[in-house]
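Each reported figure results from applying straightforward, stated rules to the coordinates on display, with no laboratory input. Not measured: the values here are computed from a predicted model. Backbone-built Cβ (ideal geometry, glycine too); neighbour counts: all protein chains shown.
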Amino acid sequence: MTRIIAGRAGSLTLEVPDAGTRPTSDRVRESLFGALESADALRGAAVLDLYAGSGALALEAVSRGAARADLVEKAPRAASVVQRNAAKVRKALARDAAIDVHRTSVSAYLQVARGPFDLVFIDPPYDLPESELTTALELLLPSLAAGAIVVVERGSRSPEPVLPPGLVADRSKRYGDTTLWWSTAGPAPE
């Protein structure tokens, strides 16, 4: 069972796709959102959740004060789950936040994305080739606000993501089989 941990929709239960996704554990989400709140990165933020799965990351951000969230999920079953979860959170928040679900591939979405985004979650399937993750990070750059935070979640055995110029590695944190890689949008080198 996955739930919204805190905020205005706190304790709301979310559906999880029955196959093909790997939901972020409550422990990892608690740590992630504690760090984001202490950095004041949520209030009023425009959030993008790539490879959304259940949508738990972006929906948690909205519950905690983000102004808008765009969730991208290509897998039909997972996209349907995200749509239902988004509707539950919208209802709990009395529709105070804009939540849009995009049923498309990450690369197709990023070619037409309407940024700027202040916070981006990238939680691809573990079997996603590193080259596809690198391409997604490159396509993401034009949609980032200055100083945007990008958090990539991968299996701990995965290599460090290759960041394009314009994203600066900040830190990483390992939680058992999961590692979070943090980066910040900075100026592109000249």
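Determine the calculated [θ] at 222 nm for the chain from helices alone, applying -39500 (n - 2.57) to every DSSP H run no shorter than 4 residues and normalising by the residue count; nearest 500 deg cm²/dmol.
Mean residue ellipticity, 222 nm, calculated: -8500 deg cm²/dmol.
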Inter-label distance for K173 and S31, nm, one decimal - labels placed 7 Å from Cα along Cα-to-Cβ | 0.6
What dipole magnitude, in Debye to the nearest 20, does segment 1-134 give about its Cα centre under +1 on Lys/Arg Cβ and -1 on Asp/Glu Cβ?
-> 600
Of A46, G34, A87, whose Cα points farthest to the positive end of the dipole of the chain (charges on the beta-carbon: +1 Lys, Arg; -1 Asp, Glu; origin at the Cα centre)?
-> A87
Counting Lys +1, Arg +1, Asp -1, Glu -1, what net charge surrounds V112 among other residues with beta carbon under 14 Å of its beta carbon?
-> 0
Between segment 1-62 and segment 123-154, the alpha-carbon center distance in angstrom = 17
Hull surface over four for the Cα convex hull of the chain, reported in nm², is 9.6
Name the residue farthest towards the positive end of the dipole of the chain from the options L57, T2, A136, assuming +1 on Cβ of Lys and Arg, -1 on Cβ of Asp and Glu, about the Cα centre.
-> T2
Could you check the simple spin-label distance between S131 and S107, using points 7 Å along Cα→Cβ, in nm with one decimal?
-> 1.0
